[in-house]
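What follows is a single structure, written as structure tokens, with notes after it.
The values are calculated or read from the model by the stated rules, or taken from the named source; none is laboratory data. No experiment lies behind these values; they were computed from the predicted model shown. When we count neighbours, we look across all protein chains shown, and the Cβ atoms used for this are built from the backbone with ideal geometry, even at glycine. Ligands, DNA and RNA are stripped out before the accessible areas are found, and what is left, the full protein with its side chains, is counted by its heavy atoms. Shrake-Rupley method; radii C 1.70, N 1.55, O 1.52, S 1.80 Å.
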Amino acid sequence: MHIGILTLSFSLPGCSSLKEKRQRMGGLHARFGRNPAVAVCESGERNRHDASEWSFVVVATSKREVESLCSQIEDKVQRTVDGRVMNIMREFI
């Protein structure tokens with residue numbers, strides 16, 4: 001079993017409230033949490049309205065599968081979230 005942790009940090013320019021932040025992040029948990037190989041949560045900057053950090057834990061039978069899922073998540077997030085990705089960190093366990 002291979003495990004990868006993908007952490008994305010976002011800047012949300014012009015975001016003026018936590019309610020707007022939830023709307024702009026647009027259901028990341030619902031979208032990616034449906035996949036049984038992925039667990040997702042807001043892991044940082046929870047009380048700031050102009051920033052957010054999300055972590056995705058990906059589990060698969062090979063490192064190649066984990067890397068592929070992480071790449072798919074990165075691509076989809078960058079296309080769908082109304083904010084700037086400031087930092088991407090990958091860790092393999």
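Structure notes:
- Scanning the stretch 61-93 for residues that are over 13 Å from the mean Cα position of the chain (by Cα) and among the β-branched types (V, I, T) turns up T61, V66, I93.
- In the stretch 34-82, residue surrounded by the most Cβ atoms within 10 Å (Cβ to Cβ) [restricted to those that are assigned to a loop (DSSP other than H, G, I, E, B) and in contact with a helix residue (DSSP H, G or I) (Cβ under 7 Å, 6 or more places away or on another chain)]: V81
- R31 being more than 10 Å from F56 (Cα to Cα), assigned to a helix (DSSP H, G or I) and open to solvent by less than 40 Å² (accessible area, probe 1.4 Å): no
- Looking only at the stretch 83-93, and only at residues there that are hydrophobic (A, V, I, L, M, F, W, C) and open to solvent by less than 70 Å² (accessible area, probe 1.4 Å), the one that is farthest from L28 (Cα to Cα): I88
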